[in-house]
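To start, the structure itself, in structure tokens.
Rule-based calculations on the coordinates, nothing more; no lab input. Since we're looking at a predicted model, the values are computed, not measured. Note that each Cβ is placed from the backbone with ideal geometry, even for glycine, and that neighbours are counted across all protein chains shown.
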Amino acid sequence: MGGGGGRRFRQLRLLLRFLLLSAAAAQKLPEQEVEALKGIAHKLNKMDWDFTVDPCTWPKTWVNFTSYPKLPVSNVTCNCSFKNNTECHITHLQLMRQNLSGILPEEAANLTYLIELDLSRNVIEGPIPASWANLPVFNLSLLGNSISGTIPKELGRMPWLKSINLEGNQLEGPIPPELGNIISLERFFISANNITGELPSTFSRLTNMTDFRIDGTNISGRIPSFIKNWQRVNRIDMQGTLMSGPIPPEISLLKNLTELRVTDLSGPSMKFPTLNYAQHLTEVVLRNCSIYGEIPNYLGQMQHLKVLDLSFNKLTGQIPENFIGMGELQYLYLTDNMLTGDLPGWMLKNKASNKVNMDVSYNNFMGNPPAQCQQANVNMVSSFSSSSGFLQPCLRKNLPCMDKPRYSSLFINCGGKSLEVDGNIYAEDSSEIGTSTFVLSDDRKWAYSSTGDFVVKLHFAEIVFTEDHTYSSNGKRVFDVLIQGAKVLKDFNIQDEAGGVHRVITKSFTTSITENTLEIHFYWGGKGTTAIPDRGVYGPLISAISVTQLSRNHHGVSTGVMITIIVAACLVVALALILCYIKFFQRKKLEGNGIQFFYHGRKKDTSDLQTRTQYFFTLKEIESATKHFDPANKIGEGGFGPVYKGTLANGTTVAVKKLSSKSSQGNLLVVHFLVVESNN
């Protein structure tokens, strides 16, 4: 290109750049919305917004969006197409996993073009402002905060609202019937709140409903027949509520249903609900619903079914033979029913038993007994009614002890190595367990049977949730404990009982042992949070179990128990850890086998490391820091796991506590660590 042409090209390029900058400068966010953002920042203690620049024309300082689901998101999105591309308005406000505190800001009501407001997984308090009802919001998510008060009836004036997620908060009171006016509503999540009352009859109008979740609330009353109007619904979760049965026959009309979870219904016994028209079902959980009769054959024809949990019902008859043809089945749980007949031979074949996790324990089978109680992934503890001497004792009813009683005490370090405490040797329990497992200890002194897909670390201290003013502190674990069939703890919350996290709590009970067998059941019925810190199952935790013979002083007064339970024991003590809930969450693996850390610093340095409370490193980085957890770097051993000294790439010395974990849910490992010294 000649000299003249080159100059003209450069002039044209400069002119184009000037025009673009001029156009950008002309696009501006109205002052009303700028002031609204300032009010929001003040109420939420968000300090990193730069108000010296326009939020819509300098996106680098206002947008921190990532597609990675576990990282913080701070995103202010504008639409600048108004008034011939000269005016901008905020349409999306996403502040997720920021650990923001403060109260819900009424100022958000001044963002009059807002169609999405997502404040998920923070530590925000206060009530939901009624003034938000004037927003044209399509998606409202306040998941995993500390929001209190009642659900404002004014939200019923939001005609464009498609999704409302209030899960994992402290909301109370009834559901306002006015919400039934939001006929556009598709997703309604209020799980893990203190919501009471019955489902409003106005919800019969919500014909666009696709996903409905009320797990772990105190909602009562019967499951309404108006659900027949939800012809588009594909998921219904009603676990751990106070609702009563029976499940209405109108459920048969929901042909688009893919996931159905209903548990712990009170009321009279009922027949198996008609589900044969919902041919796209992938998960059916009908646990503890007082269902009687035989298992319907049509379930075996559902080729998409992956999870079937019919535990703790009154089912009779045989397991349908056509279950062998369920090619997608991954979890089958039929524990604690009254099933009879022969144990199906296909269950014990290598191909089936290795592919599918099955639990048929606590039934009344009569024929085709296996040679052992656990075969591959099939749990058959106490599943036969016969008392024949040819049966293994662990297969028989009441788990009889066939040898002469020889033990009067028992100590188990659940999830850890053998250790001595106060002169007692706590037996090692470090075997890897699956989702349907029976395990007998090496010394044949104790055994356990487990059922379900959950996170079980077996500790008596809350070690998953935190108290560090992050959204992880919003977690709540609730479960029941049964000893010898009697419920001794209901809605037990470790953190509340202990007065905080990482604090030991001891519960002592006196019980009688008949037929030389002690059974302890831990039951999770869907209560508590399941989305904090991440979506999954947060079932019971227990750290150790001790069983000792009850002694009396000269006044005949019981001297009590040692750590958890003090009772007489026999050759085998069956610890039936029936944490029975199967939640088919396919957790995405962290990129590069990442590890999540919760940080507790000792110094007040302003380094990047010490200004964050939660962040990610790859497994490779931590292995490098600890030299692959070299035993030479081990500086301690606790009941929760070993502690290693390590040096990060920036020179920071840390102590890393690697928790004893038996999680089968992906590659997520939880590691607690603290800064010993920092070079920054």
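Under 5 Å between amide hydrogens, built in the peptide plane, is the criterion, and for Asn64 it picks out Ser74, Asn75, Val76 among residues at least 5 positions away or on other chains. In terms of other Cβ atoms within 10 Å, Lys46, Lys228 run from fewest to most in the order Lys228, Lys46.
For the range 113-238, rounded, prolate or oblate, judged on the Cα gyration tensor with a ≥ b ≥ c (square roots of eigenvalues), a/c < 1.5 rounded, else prolate if a/b > b/c?
Oblate shape, in that a/c is at least 1.5 and b/c is the bigger or equal ratio.
Between the beta carbons of His502 and Ser418, assuming R0 = 22 Å, the FRET efficiency works out to 0.45 to the nearest 0.05.
Give me His521, His502 ranked fewest to most by other Cβ atoms within 10 Å of their Cβ, as a rough exposure proxy.
Numbers: His521 24, His502 15.
Listing His521, His502 from fewest to most nearby Cβ atoms yields His502, His521.
Apply the a/c threshold of 1.5 to the C-alpha gyration tensor of the range 31-137 and tell me whether it is rounded, prolate or oblate. It comes out oblate by the Cα gyration axes.
With a/c under 1.5 counting as rounded, go ahead and sort the range 282-397 into rounded, prolate or oblate using the C-alpha gyration tensor (a ≥ b ≥ c being the square roots of the eigenvalues; past the cut-off, prolate if a/b is larger than b/c, else oblate).
Oblate, because a/c is 1.5 or more while a/b does not exceed b/c.
Taking each of Lys162/Lys527; Lys162/Lys306; Lys255/Lys355; Lys28/Lys83 in turn, the alpha-carbon distance tops 19 angstrom for Lys162/Lys527; Lys162/Lys306; Lys255/Lys355.
Among the GluC sites (Glu not before Pro) within the range 288-353, those in coil by DSSP and having at most 13 neighbouring Cβ atoms inside 10 Å are Glu328. Within the shell of other residues whose beta carbon sits under 10 angstrom from the beta carbon of Ser148, the net charge comes to -2, with Lys and Arg scored +1 and Asp and Glu -1.
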